[in-house]
Structure formats: C-alpha cells, structure tokens
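Heads up, the thing below is written out as structure tokens.
Read the figures in this text as sums done on the coordinates, not as results from a lab. Since the structure is predicted, the reported quantities are computational estimates derived from the model, not experimental observations. Please note: Cβ atoms are built from the backbone with ideal geometry, for glycine as well, and neighbour counts cover all protein chains shown.
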Amino acid sequence: MKVGLDVSAVPAHLAGAGRYIVELARRLPSYDVDTTLVTRSDDALRWAQWSPSSTISSIVPSSRVPRIVYEAYQLGASRTARAVDVWHAPHYTMPRRGATPTVVTIHDLTFFTNPDWHERSKVAFFRRAIAYSSRHAKVLVSVSDFTARQIDEFLPGHAPVVVAPHGVDLERFTTIEADDGRLFIDHGLPIGVPYIFFLGTVEPRKGLDVLLAAFAEVASTDTSVELWIAGQAGWGLEEFDAELLRHSASARIRRLGFVAEEVLPALLRQSKVVAYPSRGEGFGLPVLEALACGAVVVTSRGTVMEEVAGTTARFVDVGDHEGLASELLESMNLNTEQRAQISLAARERAEGFTWGASLRQHLVAYNLAQSGV
C-alpha cells in the first residue's frame, strides 16, 4: 500500500499532535507501507533524518496562509497525491480537491465544546475544517474513545471512525535512572531540589491558573518544594505572566520553556509529582509519558486523562485548586514503599499503550479507506 502522510503542519518544537505525526512517519515504512511524507518546501531535511525509508515530497509552501490555501485547493490534485493509494491528513484538515481516498485524524472537539480555549480566528477555521473533513473523508481516526464519543455528538453524518490511541516510547520513557544527574547538570538544572513538574504547551486550557493557585497553598506548607513548568509558549499568556509576577512563591517557580527530548524522561522520573490539571484534551500524552516513567500523577477528573491513566493517577475536579493542593501535598508525602507501588502500577498501565498498537489501528483505517467501505 502507498500512503501519503501530510507532515507540513508540524512545528519545529514537538508537542502532542506533532509527536504523534513524527511517530507515524518514523514507523509506517516498517509496516510494509510505501510512505511518502509531504513536507513544507524548507523542511525536507529533518523528515529525511526522522524517516530515512520514506520518500520526501517537499511541495507545500512554508508560510501558514499559503500552506492552508495550497492544501485546500492544490495538494489533493498534485502528482504526489495522485500517486498514492491513501492520503492521510493527520491534523483535522484535508484537501478540498482530488480523488485519493483520505483519512483524517481528529484529535479533539474542543473547538466545538469549549471555543474559549482557543484563539477566535482558529475556532472559526477549525470548526469549518473539521465539519468538512467529517463528511468528506473516507475514514476518521480518533485518538481516544473520549474523542470518538464527541465525534458522534457534534458531527452527525460523519465518516466511519477508527480509534487509535497514542502510544509511548517505552525504551525512552522508562523508570530506569540512567544518567539523570548528568542530564540535569548538562541542562543547567539543580540536583536534589524537590519539585512539582508540569509539562505542556502554556495556554489557558492547560489549567496553569489552577496549578499556580494550588502551588501557593503547597508552598506555604512545604518551604523547600519548587514548581517547574516545561513547555513552549502558546497563546493567551498575559494573565499567566501577571499571575507569576504576583505569586506569593514566585521565587520557587521555574519556567523551563521547551525542554530537550533527552532530558524530559529524567524530569518526569525525578519529580515528586507530575501535575497536569488540564481542562480538556483529546488524549493527554504528557500523562502517558509520566506514567511510563513511573511518576506520581495528579490530573483532571472527568476528562480523557481518566481513560489514559485508569486507576494509576490521582484525580481532582477541573478547576479545583484546593483539591489539587491537597492531592499534591499528599503525593509529595508518600513514603518509599507507597511510591514504589504507584510507580509499578503506572508503568504497567503505560505498557498497554504502544505506538505499534496505534500503527496497527491506522492500517485498519487505511484499508477501510482504500476499500471504499
């Protein structure tokens, strides 16, 4: 089977959706899929390095607006698209012209359920794009059962859905402490400081306002603990930046920004607790990566994170900073035996989510699209 995978929307720094697309690109050729990666015109090199067995077609404009227009009206009719059996658009949108059977990945429906979590311009664009894709794709890939249920609710008359949960690299995200101390030193991080760790794009829906309020309570009780916030800047940061400036424990809050891949597992492993109070996700990959490292995780009740973590994480109601503070303090005070039990259960849970299993579900979606079912 020949599959064209559109990787042109993946930014330089990988977050959840970007990581998912990279893992697809890396692994598809090993599943006997003749893979063509469609990149931006200035972005061929990194994809050739990530997926050396794939064909690279760098035909998409580099700038955002021309790229969007090109995808909609030219990409589907391009020689590259005509040469493959299935076209995979992995980020909501799809070509409006062309005859190649198309699979579209829907990560979440928050543009419909909670438009205030996004920039206004993106809400209007993605609502239209998702509605179009749901009707015109041959098959939709949902990254979770949670999102699949929302597809049923908000997109009547949609194409068939194949659920393909994300995986985690179990060799990289592991409980084994290899060179964590050296990695901390190499990246300018202090050793031996107890810290609560957050990982994710810094934007309103991630619940960082709740985490800051909870940390004020935690810091007043524990005078040594720090809060480390890792992740690239998103949008709507004005209020977050203001809250940081006036925070009662601002001196103990570190903004790490985007962290290098090699140090991320160590940061998860060495944390006292990983806090992920997001208001809503399509999957919540940072939770899975934390579980794979055996971390103690506190996250949001009633969200997809319950589907990912099962009973291995601690849950608080969305927006409940007092409940979050209580769970963080309790998690920090676990004894060695309790932490070991949680770590074992977390790792076992993570081992149920592999990129191999995800890829096999994608092959199901591709075969359905090609067969025209």
**Item:** the chain: most fluctuating residue of Lys206, Lys272, Lys122 per GNM, C-alpha cutoff 10 Å
**Value:** Lys122
**Message:** Among Ala83, Val22, Leu189, whose Cα projects farthest towards the positive end of the dipole of the chain, with charges put on the beta-carbon of Lys, Arg (+1) and Asp, Glu (-1)?
**Reply:** Ala83
**Prompt:** Roughly how big is the chain's charge dipole about its Cα centre, with Cβ charges of +1 (Lys, Arg) and -1 (Asp, Glu), in debye to the nearest 20?
**Reply:** 1480 debye
**Prompt:** Nearest 20 debye, what's the magnitude of the dipole of segment 180-350 about its Cα centre given +1 on Lys and Arg Cβ and -1 on Asp and Glu Cβ?
**Reply:** 320 debye
**Message:** What does the extension gain come out to for Asp42 and Thr113, with contour length at 0.36 nm per residue minus their alpha carbon separation?
**Reply:** 22.0 nm
**Request:** Give, as ranges by residue number, the residues of segment 276-290 whose backbone N falls under 16 Å from the point 7 Å along Cα→Cβ of Asp209.
**Result:** 277-280
**Complete:** Most fluctuating of Thr147, Thr336, Thr80 in the GNM of the chain (C-alpha, under 10 Å) is Thr336
**Message:** Pairs of alpha-carbon atoms within less than 8 angstrom and 6+ residues apart define the contacts here; what relative contact order does the chain have, in percent?
**Reply:** 16 percent
**Request:** Apply 1/(1 + (r/R0)^6) to the Cβ-Cβ distance of Asp169 and Glu238, taking R0 = 25 Å, and write down the FRET efficiency to the nearest 0.05.
**Result:** 0.10
**Fill in**
If Phe111, Phe215, Phe125 are placed from fewest to most neighbouring beta carbons inside 10 Å, the sequence is Phe125, Phe111, Phe215
**Prompt:** Expressed as a rounded percentage, what relative contact order does segment 180-350 have, with Cα pairs under 8 Å and six or more residues apart?
**Reply:** 24 percent
**Request:** Enumerate the lysines that Lys138 could reach by cross-link, defined here as Cα to Cα under 18 Å, with residues fewer than 8 away along the same chain left out.
**Result:** Lys2
**Asked** Within the chain, what percent of beta bridges assigned by DSSP are antiparallel, to the nearest 5?
**Response** 0 percent
**Request:** In Å³ and rounded to a whole number, note down the convex hull volume per residue for the Cα atoms of segment 180-350.
**Result:** 105 Å³
**Request:** Identify which of Ile342, Ile176, Ile185 has the largest mean-square fluctuation in a Gaussian network model of the chain, with springs joining Cα atoms closer than 10 Å.
**Result:** Ile185
**Item:** Residues of type aspartates and glutamates that Lys272 reaches as a straight line, Cα spacing below 17 Å, ignoring anything fewer than 8 places off in the same chain
**Value:** Glu177, Asp180, Glu217, Asp222, Glu226, Glu289, Glu327, Glu330, Glu337
**Request:** Taking the Cα centre of segment 229-316 as origin, sum charge times position over the Cβ atoms of Lys and Arg (+1) and Asp and Glu (-1), and report the length of that vector in debye to the nearest 20.
**Result:** 420 debye
**Neighbour-count order for His91, His136, fewest beta carbons within 10 angstrom listed first** = His136, His91
**Message:** Quick check on the chain: helices-only [θ] at 222 nm, where DSSP H runs of length 4 and up contribute -39,500 (n - 2.57) each and the sum goes over total residues. Nearest 500, please.
**Reply:** -12500 deg cm²/dmol
**Asked** When the Cα centres of segment 50-82 and segment 157-174 are compared, how far apart do they sit, in Å?
**Response** 24 Å
**Between segment 245-281 and segment 85-128, the Cα center-to-center distance that results, in Å** = 30 Å
**Prompt:** What shape does segment 1-149 take by its C-alpha gyration tensor, where a ≥ b ≥ c are the square roots of the eigenvalues and a/c under 1.5 counts as rounded, a/b above b/c as prolate, and the rest as oblate?
**Reply:** rounded
**Efficiency of FRET from Cβ geometry, Asp34 and Thr221, R₀ 45 Å, rounded to 0.05** = 0.20
**Request:** Rounded, prolate or oblate: pick one for segment 243-286, where a ≥ b ≥ c are the square roots of the eigenvalues of its C-alpha gyration tensor, a/c under 1.5 means rounded, and failing that, prolate if a/b is larger than b/c, else oblate.
**Result:** oblate
**Item:** Neighbour-count ranking [beta-carbon atoms within 10 angstrom, fewest first] of Ser53, Ser271
**Value:** Ser53, Ser271
